[in-house]
């Protein structure tokens with residue numbers, strides 16, 4: 001906390017020289033000298049209504065504050081840092097929910113009590129020019145299997161990465177990730193979205209003894225549990241080409257020592273069509289085990305059932321097609337994913353490239369799932385946009401957990417999700433975004449009956465949330 005206060009004091013001391021550097025950024029200048037760029041963000045999130053069934057998150061009011069700094073460029077080098085602060089709003093969240101009736105939205109907080117907690121998520125040195133770029137230190141890593149939607153505090157990584165652009169349109173990169181830090185949403189990725197399957201971006205409960213959020217751990221513990229041995233990390237290699245008309249092709253390989261090798265390929269094409277654009281895409285993801293794979297993984301019966309034998313054999317195919325209207329006034333898309341193989345996708349490090357991922361569902365990473373979705377958006381007036389989406393996920397062969405019912409449930413039916421989102425960015429208040437969304441979701445474990453206790457899972461949600469963000 002002392003570190004965060006010092007950052008805030010330093011920023012206030014420089015405020016005399018603040019000058020606008022574009023949306024959400026300020027140049028720090030004094031007597032004609034450039035001292036870099038400062039950005040800030042304050043976000044508040046609140047659950048308005050939810051089902052009282054003990055499964056739908058019904059209580060959560062959280063905030064985050066972010067302050068980042070980027071140094072002036074020196075021969076292409078920049079120093080970058082960012083700090084986050086997160087906590088409960090005025091102690092209004094119920095962290096002692098009634099079993100079977102309420103559920104705390106644990107994925108909005110960095111600890112189990114909602115107490116204020118901060119982290120210096122980013123400390124890194126970057127380099128960039130026309131043909132080369134590099135990253136070294138801690139921060140977010142922008143690749144398909146390390147980029148994840150976050151709400152308040154992001155996942156962070158310790159990494160070294162370098163790339164080259166030898167000719168126009170060609171991009172080649174190589175990197176090594178050695179550590180990861182769980183952000184706020186990691187608890188949702190593990191529990192509510194992932195349902196303890198290990199497939200939604202987190203393979204270990206972040207709040208278990210020996211782990212934690214807003215702390216950096218070796219990737220061995222992040223993947224297999226707190227008692228696992230250290231590994232050298234995750235080696236990421238990529239090649240992409242955007243030299244074809246309106247089309248980009250990308251190939252990524254992720255090698256995790258003694259655990260897995262994942263290959264991801266996608267093609268993205270945005271083809272002009274009158275005043276519109278035809279948006280087409282295809283993707284493929286393949287995962288195999290390396291060494292002992294996931295053998296010896298720690299955790300409950302569901303993660304043991306899905307990955308305890310050490311084997312990994314997973315394929316994901318995907319297609320998308322859509323139209324983008326004139327000046328992005330409206331959009332309409334249809335998406336499809338199919339997974340197959342002998343296992344689900346062991347998704348430990350935050351990845352989420354699947355086309356059919358929605359706000360609270362990532363079922364395409366489970367074993368043998370046929371998924372499809374529809375998504376459309378429309379700008380009602382300048383600054384006000386409505387989005388609607390519906391997704392259907394075929395019943396998988398993956399074991400999951402249902403709180404207060406069973407730690408190991410078999411799928412009972414197809415899963416689905418309806419998302420309705422309204423986003424407002426008023427021109428009168430630069431940097432302000434107000435978003436509200438409603439989600440109706442049914443888990444594939446809904447209706448599962450525990451054969452010992454007779455308890456039946458009501459794994460359905462009817463959830464309304466409000467988010468306000470101010471960036472400066």
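The values are calculated or read from the model by the stated rules, or taken from the named source; none is laboratory data. Quick caveat: nothing in here was measured; it's all calculated off a predicted structure. Note that we place each Cβ from the backbone using ideal geometry, even for glycine, and neighbour counts take in every protein chain shown.
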- Message: Given the criteria touching a strand residue (DSSP E or B) at 6+ places or on another chain (Cβ under 6 Å) and either at positive phi or part of a loop (DSSP other than H, G, I, E, B) (or both), does residue 206 qualify?
- Response: yes
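Hey, can you tell me all the residues within region 291-304 that are surrounded by fewer than 17 Cβ atoms within 10 Å (Cβ to Cβ) and either modelled with pLDDT of 95 or more or touching a strand residue (DSSP E or B) at 6+ places or on another chain (Cβ under 6 Å) (or both)?
The answer is 291, 292, 295, 300, 301.
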- Task: Check region 388-406 and report whether any residue there is part of a strand (DSSP E or B), under 23 Å from the mean Cα position of the chain (by Cα) and under 20 Å from residue 466 (Cβ atoms).
- Result: yes
- Could you tell me whether any residue of region 14-22 is touching a strand residue (DSSP E or B) at 6+ places or on another chain (Cβ under 7 Å), modelled with pLDDT of 50 or more and surrounded by fewer than 15 Cβ atoms within 10 Å (Cβ to Cβ)? no
- Name the residues in region 137-152 that are out of contact with any helix residue (DSSP H, G or I) (no Cβ under 8 Å at 6 or more places or on another chain) and closer than 20 Å to residue 252 by Cβ, would you? 139, 140, 141, 142, 143, 144, 145, 146, 147, 149
- Query: How do the pairs read when you match residues in region 155-170 that are over 24 Å from residue 213 (Cα atoms) with residues anywhere that are modelled with pLDDT under 95 and buried (at least 22 other Cβ atoms within 10 Å of the Cβ), using Cβ under 6 Å and keeping only pairs 6 or more apart or on different chains?
  - Reply: none
- Note on the structure: If you go through 425, 430, the only one that is more than 20 Å from residue 198 (Cβ to Cβ) and over 23 Å from the mean Cα position of the chain (by Cα) is 430
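Residue by residue, here is whether (1) at pLDDT below 95; (2) in contact with a strand residue (DSSP E or B) (Cβ under 6 Å, 6 or more places away or on another chain); (3) surrounded by fewer than 15 Cβ atoms within 10 Å (Cβ to Cβ) holds:
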| position | (1), (2), (3) |
| --- | --- |
| 75 | no, no, yes |
| 78 | no, yes, no |
| 81 | no, yes, no |
| 89 | no, yes, no |
| 99 | yes, no, yes |
| 104 | no, yes, no |
| 129 | no, no, yes |
| 152 | no, yes, no |
| 163 | no, yes, no |
- Do you know which residues across region 378-393 are surrounded by fewer than 20 Cβ atoms within 10 Å (Cβ to Cβ) and touching a residue at least 24 places away in the same chain (Cβ under 8 Å)? 378, 379, 382, 383, 384, 386, 387, 388, 390, 392
- Note on the structure: Picking from 67, 85, 125, 48, the residue that is touching a residue at least 60 places away in the same chain (Cβ under 8 Å), assigned to a strand (DSSP E or B) and surrounded by fewer than 16 Cβ atoms within 10 Å (Cβ to Cβ) would be 48
- Task: Please go through region 220-245 and pick out each residue that is closer than 21 Å to residue 110 by Cβ and touching a strand residue (DSSP E or B) at 6+ places or on another chain (Cβ under 6 Å).
- Result: 222
- Query: (1) in contact with a strand residue (DSSP E or B) (Cβ under 6 Å, 6 or more places away or on another chain); (2) on the phi > 0 side of the Ramachandran plot: which one isn't true of residue 454, the others all being true?
  - Reply: (1)
- Quick check: anything in region 171-193 touching a strand residue (DSSP E or B) at 6+ places or on another chain (Cβ under 7 Å), part of a strand (DSSP E or B), free of Cβ contacts under 8 Å to residues at least 60 places away in the same chain and crowded, with 21+ Cβ neighbours inside 10 Å? yes
- Query: Within region 264-277, which residues are surrounded by 15 or more Cβ atoms within 10 Å (Cβ to Cβ) and in contact (Cβ under 8 Å) with a residue 24 or more places away in the chain?
  - Reply: 264, 266, 270, 276, 277
- Got at least one residue in region 443-454 being in contact (Cβ under 8 Å) with a residue 12 or more places away in the chain, within 29 Å of residue 334 (Cα to Cα) and assigned to a strand (DSSP E or B)? no
